[in-house]
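Worksheet: one structure, shown below.
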Amino acid sequence: MLAQPEITFYTAFSPNGHKVAITLEELGLKYNMVHVNLPAIEHKQPWFLDINPNGRIPALIDTLPDGTSIKLFESGSIQQYLVDVYDPDFKISYPRGTKEFYETNNWLFFQNAGIGPMQGQANHFLRYNLSDLPEDYSRERYTNETRRLYRTLDKHFQGTQSEYLVGQKCTIADIAISSWTNILGFAGLDIHEFPNVHEWQQRMAQRPAVQKGYNTPKKVDLDNLSNDKAAFVAYLKVNEEWIRQGMEENARK
């Protein structure tokens, strides 16, 4: 039996943070959660940069069996670590070396290298266009690329007739992509455009660990918030301020 881990999880409201939160919850792991205050630029403070030199959430510290600490960053890397160490029964993973293991990695990297960057840029240019680029070009470029990726995902589900990305079991790849699909509307896309993805996302949303992960470190319902124009503008304004500050700091360094 595995010893109870000593995990500290650093996060904020973000699909990348949700991926790790859901993974922790699916595995039934106890952890200490530190809410990193992005508007206060805590992710650029020396104490956090010591954990993740890239200054992004999520991050995680764990204590290894020999008593030493390991610092982890990049959500996909954290997910892989958690299932490698804490999923001996393969609850949300497959045995290393099997076909399903590598197929899961296909979709995990599809999210990390495709959906995350493209949808993230779509979010940025639709909601926080802080550059001098023509708005129509930047929005269309990233929104349409995000659409293409979700069409690929939708076609995969249509072809496999599986309940999850690989086989009939939720894996870290499902968790990774679902966390971004959960805020697809924020990128200006309607999930109903992808009926097979929509059906899968509804299935994922019924999992208790997924719901708890979506609400870590706090619940922010972007769909309902967007219906209140004044509240939505205020929410975007707070985010815009720390995003702009980060861009200005990066330009000076």
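The values are calculated or read from the model by the stated rules, or taken from the named source; none is laboratory data. The structure displayed is predicted, hence computed values, not measured ones. Neighbour counts are summed over all protein chains in view; Cβ atoms, including those assigned to glycine, are modelled from backbone coordinates with ideal geometry. Areas reflect the complete protein model, heavy atoms only, side chains present, ligands, DNA and RNA absent. Shrake-Rupley method; radii C 1.70, N 1.55, O 1.52, S 1.80 Å.
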Checking G159, G185 in turn, the sole residue that is under 20 Å from G114 (Cβ atoms), loosely packed, with under 14 Cβ neighbours inside 10 Å and within 20 Å of the chain's Cα centre (by Cα) turns out to be G185
Checked region 217-230 for anything in a helix (DSSP H, G or I) and either at pLDDT below 85 or assigned by the TED database to the domain that holds N54 (or both); matches are L222, D223, N224, L225, K229
Being outside the structural domain of Q119 (by the TED database), more than 28 Å from D221 (Cβ to Cβ) and open to solvent by 10 Å² or more (accessible area, probe 1.4 Å) narrows G67, G28 down to just G67
Of the residues in region 24-77, those that are among the acidic types (D, E), more than 16 Å from the chain's Cα centre (by Cα) and over 24 Å from D89 (Cβ atoms) number 2
### K237 vs. criteria assigned to a loop (DSSP other than H, G, I, E, B) and over 14 Å from the mean Cα position of the chain (by Cα)
no
Scanning region 195-216 residue by residue, those open to solvent by 40 Å² or more (accessible area, probe 1.4 Å) and either without any contact (Cβ under 8 Å) to a residue 60 or more places away in the chain or not in a helix (DSSP H, G or I) (or both) turn out to be P195, N196, H198, E199, Q202, R203, Q206, R207, Q211, N215
